[in-house]
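No lab work stands behind these numbers, since they all come straight from the coordinates. Model, not experiment: these values are computed from the prediction.
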Amino acid sequence: MTQITLTEASQHLSDLIEAALKGEEIIITKDNKPVVKLVAVSSVKKRWPAKAGSAKGLVTISDDFDEPLEDFKDYM
């Protein structure tokens with residue numbers, strides 16, 4: 001873990017980002033107090049392109065789905 005002042009961080013931001021991408025944790029301080037932790041965002045599992053049928057059984061539609069709603073009978 002590296003600690004660096006806010007002033008130094010603003011001067012070397014691109015280098016700090018590269019270090020974080022390599023797994024280093026950088027703490028940025030202001031008035032000798034830690035205020036920001038710079039770490040790489042963990043990669044998100046790619047969900048697309050979806051495979052056909054991958055949601056089978058997860059979505060159901062009731063038998064009366066296309067029936068008029070009781071609230072709208074006055075307008076029909």
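P(r) tail for the chain, what percent of Cα pairs lie past 16 Å?
Tail fraction, whole percent: 69.
Could you compute Rg(Cα) / (2.2 N^0.38 Å) for the stretch 1-41, with N its residue count?
Scaled against compact globular proteins, the figure is 1.03.
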TODO: Give a residue-ordered list of calculated ³J(HN,Hα) values for the stretch 67-74 (Karplus: 6.51 cos²θ - 1.76 cosθ + 1.60, θ = phi - 60°; whole Hz; x for Gly, Pro).
DONE: 6, x, 6, 4, 5, 9, 4, 5
- [ ] For residue 27, list long-range residues whose amide hydrogen, built 1.01 Å from N in the peptide plane, is under 5 Å from its own amide hydrogen.
- [x] 2, 3, 4, 38
